[in-house]
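Please treat every number below as a calculation from the coordinates, not as lab data. Only a predicted model underlies this, so the values are computations on that prediction, with no experimental measurement involved. A quick note on method: Cβ atoms are made from the backbone with ideal geometry, for glycine too, and the neighbour counts reach across all protein chains shown.
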Amino acid sequence: MKQNPVPDARFEAELDAALRLAPEVHAPRNFRQRLMTQLPETPAAERPRTWQLPVLAALVALLVGVLAAMALQFGLAGWLARPSILLTVLMIESAIALGWLWRTVVSR
Amino acid sequence: MQDFEQLVESHQDMVFRMLARLTGEREGLEDMAQETFLRLFRALPHFRGEAQLSTFLYRIIVNVVNDEFRDRKNARLTSPIEDEEFRGLAHSAAGPAVLAERAQMQEAVEAGLRQLTPRDRTILTLHYQEGRSYEEIAAILDSPLGTVKTHLYRARERLRTMMKEWIR
């Protein structure tokens with residue numbers, strides 16, 4: 001049982017106010033000066049890793065190719081020729097594509 | 001270099017404020033703040049101004065805190081001592097008149113935030129304390145807008161439920 005219940009609207013307002021109120025914390029004195037002594041002379045630019053993406057793409061393509069060849073070997077073509085299976089695969093692909101579209105384009 | 005010094009000067013309090021709320025701690029923030037600015041300094045050559053610098057900095061803060069959590073191997077960042085404090089606060093605050101006091105409420109919210117997941121705490125802090133919009137939070141966390149809205153709503157509900165239970 002509630003004792004002297006706090007009215008909801010007031011509670012909500014107090015909760016929002018408390019969330020908005022930042023903690024009383026400040027940077028210590030001389031923080032900036034201490035930090036500046038730690039910095040290198042110039043920001044070290046990271047070496048570009050331009051080779052990584054093409055190599056990764058090639059490996060993925062190779063893996064997909066091997067899997068596709070194996071699947072065809074085990075009769076994937078015949079299995080896909082069945083209308084119900086083909087329809088199911090297409091629906092799954094469409095759902096994934098729509099999900100991706102929503103995540104990357106619409107909801108941003 | 002001078003520009004960077006000015007940048008530190010103008011953002012250092014915000015960095016400490018964010019770190020304080022995201023970790024729930026007041027001490028030992030300097031190392032994390034230093035790491036934040038060092039990462040910013042290293043990343044500046046790659047900053048192409050596609051986002052606001054503050055968005056970029058918030059993202060670094062969130063990453064630094066996440067790394068700290070990972071290092072401590074304690075995703076909730078709550079210790080048994082903090083849990084004890086939390087329970088103590090819940091019981092001592094049984095009188096709603098006391099809870100209504102702003103300072104008490106503030107303390108209660110701080111304790112409540114520590115019980116949330118780091119992601120929920122981050123979203124609530126960015127939205128309420130830092131006044132970031134949904135779009136900015138989505139950019140900082142690299143999350144879809146809808147996800148941010150949902151998380152924000154749920155996080156506030158969790159906190160509210162927690163607080164309501166305290167005043168029962």
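Candidates B:Val62, B:Val8: the one that is within 9 Å of chain A (Cβ to nearest Cβ), β-branched (Val, Ile, Thr) and crowded, with 18+ Cβ neighbours inside 10 Å is B:Val8.
Checking each residue in region B:19-33 for being touching a residue at least 24 places away in the same chain (Cβ under 8 Å) and either facing chain A (nearest Cβ under 9 Å) or of a type in the set (Phe, Trp, Tyr) (or both) picks out B:Leu19, B:Arg21. Scan region B:114-128 and give yes if some residue there is of a type in the set (Phe, Trp, Tyr), crowded, with 18+ Cβ neighbours inside 10 Å and part of a helix (DSSP H, G or I), otherwise no. Checking region B:114-128: at least one residue is of a type in the set (Phe, Trp, Tyr), crowded, with 18+ Cβ neighbours inside 10 Å and part of a helix (DSSP H, G or I).
Only residues that are assigned to a helix (DSSP H, G or I) and surrounded by 19 or more Cβ atoms within 10 Å (Cβ to Cβ): list them for region B:130-165, please. Show your work before the answer.
Pass one, region B:130-165, residues assigned to a helix (DSSP H, G or I): B:134-141, B:145-165.
B:Glu136, B:Ile137, B:Ala138, B:Ala139, B:Ile140, B:Val148, B:His151, B:Ala155, B:Arg156, B:Leu159, B:Met163, listed by residue number.
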